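Trainee: Mind having a look at this structure? Questions to follow.
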Amino acid sequence: WLDRVEVSLLNQVRIKSAQFFHETNRFGLLQEWIASLVIECQRVRTILQHLKHNSVHAWELIPRLDTQRQDVALLSQVLDQAADVMRCKASVGGLLSAGQDLHAAEQIQYGRQLLQQEEIRGLMALATVEPQLRQYEALVVANLGSELIEVFLDFHAQQQQQHKTRVPELVRGLELCHALAPTGVLYGNRLNDVIRMTVRTTVGEFAEENATNAATTVKAGVTSMTLERFLDCLDMLFEQLVTLLKASVAVKDFCAKEGIRIQHESGDDLAVQIVTSAAELSCKSISELLRLRKDAHSLVTLQEMKRLWDVCMSFTTQFENLTDYKATGLRSTLLAQAKAFVERKHESNMSSLVAALESERWTQCDVSAERQDALTRLCLGRSLMPSSTKVYATDYATTNTGETSGAKKKMADAEVEGVRYKVVWSCLLLVEMVMTDMACAAHFKALATNMVGKVAELLRLFNSRSTQLVLGAGAIHSAARLKSINAKHLSLVTQCVGLIISILPHVRAALMAQLPSKQHTLLNDLDAIKREYEEHNEKVLNKFVNIIGGIVEHGLAPRIGNTNFDDRANEQTLDGTIACCVFLEGISTNTRKMHQVLSSLLPPDHLQDSFSRIFAYLDQKLPDLFLAAAVGNPPTNPPTFSLPSTDEGKKRMLIEVKTTTQ
């Protein structure tokens, strides 16, 4: 077995001996290469040792030193940047001390840009710089914003050249600090505060001395003023508010012209919003002042109310033209106060007219020159009239004293379109009230439709009440306590009614001029009133006939009895005139007395109309009365008169009747 192993080994050695010797040769070559490399390394080491001794020390530090050099360069850059930040922060304080807020804002933004650099972004040594910059920025915003607000509050269009350089600088500084919009909001709030303070201080200055103290409110101050002081207060307040609004509008126009847009978060232009807000606040403030005095204003005179209306409307017009804001609130407040004044005035007029009619003695009233001038202007188409409070007192005194003093002074008549009318005090008062309402319609055009109804109420009240007092004999039981209603009273009534009828077309035309065309149908009520007055006048004229008729039928008709025209045919007077019988003589006498009374009170056309009716009545009634007396009413009332049977008697009867009617 061992031999076999030995033989196998020999075979293997024989097979691989060539390769072994080949590898042995290669190993020898490898040894030679290694030996040469060792020699080369020794040579390089020698060269390096030589270089080390002759030129570079610590050559193995070169990579480390290069890294250190890069680190030193980076550190130098960081320090330079940090130094720039610190210099920038330090310069801000100096700029603020020097008043250079715009440059300070620029430095703050520059410092923030430096802080955002990657190299120093997380540097702990600069952690306090950003809060300090925010503090500086807040101070810059406060300074720039305060200056810009002051410039805007006292902005004058005449100083645009000065504003043209400074305002853009302020705006640019605020834009750098991202504070332009908040500053605009502050400006709007400040403007509103100034408006409120202006209202409070102005009211406080004009408040009554007994109401001015530390605790006085605006309401107490306004309500304590007289109307004159309140109007003076409004004048000053309007002047100051217009000044503030002009400044805000000038700011808006300047910003639009210079391309400055103060934009709100919602995207709207703040300059426009500020003007609108200031205008709205001003409008509400004035409206509130007027509202606080609504009760006092309802008690003023027409002239005072017109003055208040004119002052407020003048401001409203100027206000709307200036701000392009429709002051609907102020206009509605003014209209409400004018309406309250008109309502209170109308109630007072109705009460005064009722009282005047109740105390009316139906005697002629003297028409003053002022009243006649007002009537003339009405006929000429000018319905406005001056204040007539003193005229009322004068006319009323004349009316009351004219009858009792026994003076023979001739009373002045009212004249309308050449026709003269004798009128009583209550009629003059009615005309005055109607013309006052027309003046209200002309001045307060929005209330013209209301005034038509009030004029109609006054006219109807006078017509109905005068009918009750005179035609219905109510004056006997009224405050006037007349003993009876006579022809003189009736003639004055028809004169008053005629005056109203004559001015009604002018009243209608004056009111029509104040009404829109769609509301002209309201004037149909005046046409109906005119017809009512004409019916009243017709009743008064018929009343004259009734008076004569009552005298004839009840006072004179019984005297027809025992009249014998046959016997009277031979009677002659010494002067050759014909003497009428008692009945006809009584008719003639009473008719003449009626004519004497009416001729001095009625115009010719009314006088002729009245007596035409009287004569028509007599022409119809005399034959009936003679026939009734001749026939009688048997058996209770036998005939007491016989118609003439002779020709002479018939002729005598005709002559006497003819004489009576001449």
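Trainee: Give me the percent relative contact order of the chain, please, defined on Cα pairs under 8 angstrom at least 6 residues apart.
Mentor: 8
Trainee: Among LEU654, ASN11, VAL367, which residue has its Cα positioned farthest towards the positive end of the charge dipole of the chain, with +1 placed on the Cβ of Lys and Arg, -1 on the Cβ of Asp and Glu, and the dipole taken about the Cα centre?
Mentor: Positive-end residue among those listed: LEU654.
Trainee: Take the alpha-carbon positions of the range 72-134, form their convex hull, and give its projected area averaged over all directions (one quarter of the hull surface) in nm².
Mentor: Projected over every direction and averaged, the Cα hull of the range 72-134 covers 4.0 nm².
Trainee: Going by alpha carbons, how many degrees (0 to 90, nearest 10) lie between the helix axis of 180-206 and the longest principal axis of the chain?
Mentor: Between helix and principal axis, roughly 30 degrees.
Trainee: Give me the tail of P(r) for the chain as a percent: Cα-Cα pairs with distance above 31 Å.
Mentor: It works out to 74 percent of all Cα pairs.
Trainee: May I ask you to derive the FRET efficiency for ALA90 and HIS50 from their Cβ-Cβ distance with R0 = 51 Å, giving the value to the nearest 0.05?
Mentor: The computed FRET efficiency comes out at 0.35.
Trainee: Could you tally the net charge around ARG568, taking each other residue with its Cβ under 10 Å from the Cβ of ARG568, Lys/Arg +1 and Asp/Glu -1?
Mentor: Its environment carries a net charge of -4.
Trainee: Residue by residue through the range 306-321, what is 3J(HN,Hα) from phi via Karplus (6.51 cos²θ - 1.76 cosθ + 1.60, θ = phi - 60°)? Round to whole Hz and write x for glycine and proline.
Mentor: 5, 5, 4, 4, 5, 4, 5, 5, 4, 5, 4, 5, 4, 4, 5, 5
Trainee: For the cross-link pairs LYS294/LYS345; LYS284/LYS339; LYS339/LYS422; LYS454/LYS543; LYS284/LYS326; LYS219/LYS246, which exceed 23 Å when the distance is taken from alpha carbon to alpha carbon?
Mentor: LYS339/LYS422; LYS454/LYS543; LYS219/LYS246
Trainee: Measure nothing but the geometry: give the 0 to 90° angle between the long axis through the Cα atoms of 129-153 and the longest principal axis through the Cα atoms of the chain, rounded to 10°.
Mentor: 30
Trainee: Sequence-distant or interchain residues sharing an amide H contact under 5 Å with GLN263, placed H: which?
Mentor: LEU270
Trainee: Follow-up. Please compute one quarter of the surface area of the Cα convex hull for the range 446-547 and express it in square nanometres.
Mentor: 6.8
Trainee: Per residue of the range 220-227, what does 6.51 cos²θ - 1.76 cosθ + 1.60 with θ = phi - 60° give for ³J(HN,Hα)? Whole Hz please, x for Gly and Pro, Karplus curve as stated.
Mentor: Each residue of the range 220-227 in turn: 5, x, 5, 5, 7, 7, 7, 4 Hz.
Trainee: With θ set to phi - 60° and the Karplus curve 6.51 cos²θ - 1.76 cosθ + 1.60, what are the ³J(HN,Hα) couplings of the range 297-303 in order, to the nearest whole Hz, using x for Gly and Pro?
Mentor: Running phi through 6.51 cos²θ - 1.76 cosθ + 1.60 with θ = phi - 60° gives 6, 6, 9, 7, 7, 4, 4 Hz.
Trainee: For GLU415, what residues show an amide H to amide H distance below 5 Å, using hydrogens built from the backbone and excluding near sequence neighbours?
Mentor: Close amide H contacts, sequence-distant or interchain: TYR421.
Trainee: Right, something else. Please list the non-local residues whose amide H lies under 5 Å from the amide H of PHE155, H modeled 1.01 Å from N, same-chain partners needing a gap of 5 or more.
Mentor: Answer set, sorted by chain and number: none.
Trainee: Output the lone cysteines of the chain: those with no second cysteine's C-beta under 4.7 Å from their C-beta.
Mentor: CYS41, CYS88, CYS177, CYS233, CYS255, CYS283, CYS312, CYS365, CYS379, CYS440, CYS580, CYS581
Trainee: A follow-up question, please. For the range 220-348, state what percent of all Cα-Cα pairs lands in each successive 10 Å bin, counting from 0 Å until the bin that includes the largest distance.
Mentor: Taking every Cα pair in the range 220-348, the percentages come to 12, 39, 27, 14, 7, 1, 0.
Trainee: Right, next: Going by average Cβ neighbours within 10 Å, how do the peptides 321-331, 220-230 rank, with the highest at the top?
Mentor: Averaged packing, sorted descending, gives the order 220-230, 321-331.
Trainee: Quick one: dipole size for the chain, taken about the Cα centre, charges +1 on Lys/Arg Cβ and -1 on Asp/Glu Cβ, in debye to the nearest 20.
Mentor: 580
Trainee: Now for a separate question. Just to verify a number: what accessible area does ARG26 come out at with the full protein assembly present, 1.4 Å probe, Å² rounded to tens?
Mentor: Approximately 140 Å² of ARG26 is accessible to the 1.4 Å probe.
Trainee: Over the chain, give the accessible area per residue in Å² for a 1.4 Å probe, as an integer.
Mentor: Spelled out: the 1.4 Å probe surface of the chain, per residue, equals 55 Å².
Trainee: Can you give the percent of C-alpha pairs in the range 99-186 whose distance is more than 19 Å?
Mentor: Counting pairs separated by more than 19 Å, the tail of P(r) holds 46 percent.
Trainee: Counting only protein heavy atoms, what percent of the accessible surface of the chain is carbon or sulfur at a 1.4 Å probe?
Mentor: Carbon-and-sulfur percentage of accessible area, whole number: 56.
Trainee: Can I ask one more? Taking the Cα centre of the chain as the origin and placing charges on Cβ (Lys, Arg +1; Asp, Glu -1), which of GLN263, ALA475, HIS346 is farthest toward the positive end of the dipole?
Mentor: Highest projection toward the positive end goes to ALA475.
Trainee: If you don't mind, there's one more thing I want to ask. Give me the number: length gained by fully extending THR165 to VAL582, i.e. 0.36 nm times residue separation minus the C-alpha to C-alpha distance, one decimal in nm.
Mentor: 138.8 nm
Trainee: So what's the angle, to the nearest 10 degrees on a 0 to 90 scale, between helix 582-599 and the longest Cα principal axis of the chain?
Mentor: 30
The values are calculated or read from the model by the stated rules, or taken from the named source; none is laboratory data. Since the model is a prediction, treat every value here as computed from it, not as a measurement. Here Cβ is always computed from backbone atoms with ideal geometry, including for glycine, and neighbour counts include all displayed protein chains. Remember, those area values only see protein heavy atoms, side chains included, never the ligands or the DNA or RNA. Shrake-Rupley method; radii C 1.70, N 1.55, O 1.52, S 1.80 Å.
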